[in-house]
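Here, each number is a calculation from the coordinates, and none is a lab measurement. Keep in mind that this is a model prediction, so the values were computed, not measured. Neighbour counts are summed over all protein chains in view; Cβ atoms, including those assigned to glycine, are modelled from backbone coordinates with ideal geometry.
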Amino acid sequence: MIRGPKIKMTLYRYSTAPDGGGGLTKTWTSVDTLTGVLTFVWANEGVMLDRERLENRYQFWVEYRSDLSDMSTKDELRRTGVTQPYRIVDVDNVLEQNKIFKIDLVQTK
């Protein structure tokens with residue numbers, strides 16, 4: 001069981017589809033809504049090309065679901081009301097027990 005305040009995040013997958021003119025259109029497609037606990041890990045603030053950059057690291061803990069076992073670092077999570085998406089860095093089936101997913105996230109502002 002995961003303890004803490006629960007939030008909902010939507011899982012998005014990058015996909016391509018024919019655009020009708022012989023090319024491909026690249027879009028983010030909503031896959032599913034996940035409910036879990038988001039925990040802040042650390043922040044790294046730096047200056048890059050005279051712009052300020054802030055990188056926050058989070059962990060999102062969700063109950064294991066077999067239909068999400070194909071989640072990868074090519075996907076991202078979005079939270080309602082937050083403009084910057086959370087990039088998935090790693091997905092871990094904790095202790096390989098099929099009970100909890102620990103999803104490591106990065107959010108760059």
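Taking amide H positions as placed in the peptide plane 1.01 Å from N, state which residues far from residue 2 in sequence (5 or more) or on other chains have amide H under 5 Å from it.
Close amide H contacts, sequence-distant or interchain: none at all.
Counting other Cβ atoms within 10 Å of each Cβ, which chymotrypsin sites (Phe, Trp or Tyr not before Pro) in the stretch 52-94 have at most 13 and sit in a DSSP loop?
Numbers: sites: 58, 60, 61, 64, 86; in loops: 64.
Here the chymotrypsin sites (Phe, Trp or Tyr not before Pro) that fit, given the DSSP loop and packing criteria, are 64.
What are the ³J(HN,Hα) values, in whole Hz, obtained from phi via the Karplus relation 6.51 cos²θ - 1.76 cosθ + 1.60 with θ = phi - 60°, for each residue of the stretch 54-70 in sequence order, with x given for Gly and Pro?
Ordered by residue, 3J(HN,Hα) equals 10, 10, 9, 10, 9, 10, 10, 9, 10, 5, 5, 9, 5, 6, 9, 5, 9 Hz.
When a/c is below 1.5 the answer is rounded, else prolate if a/b is larger than b/c, else oblate, so apply that to the stretch 65-109 with a ≥ b ≥ c taken from the square roots of the Cα gyration tensor eigenvalues.
It is prolate, given that a/c is not under 1.5 and a/b is the larger ratio.
Can you run phi through the Karplus equation (6.51, -1.76, 1.60; θ = phi - 60°) for the stretch 90-100 and list ³J(HN,Hα) in whole Hz, with x for Gly and Pro?
Taking θ as phi minus 60°, the curve returns 7, 10, 10, 7, 3, 6, 6, 9, 6, 10, 9 Hz for the stretch 90-100.
Working out 0.36 nm times the residue gap between residue 8 and residue 39, then minus their Cα-Cα distance, what length gain in nm do you get to one decimal?
So the extension gain works out to 9.8 nm.
With θ set to phi - 60° and the Karplus curve 6.51 cos²θ - 1.76 cosθ + 1.60, what are the ³J(HN,Hα) couplings of the stretch 13-23 in order, to the nearest whole Hz, using x for Gly and Pro?
My calculation for the stretch 13-23 gives 10, 6, 9, 10, 9, x, 9, x, x, x, x Hz in order.
Towards the positive end of the charge dipole of the chain, with charges on Cβ (+1 Lys, Arg; -1 Asp, Glu), say which of 58, 27, 4 has the farthest Cα.
4
At what distance in angstrom do the alpha carbon centres of the stretch 1-43 and the stretch 57-109 lie from each other?
If you average the Cα positions of each part, the centres end up 9 Å apart.
For the chain, restrict the atom set to alpha-carbon positions and state the Rg and Dmax in Å.
15.8, 50
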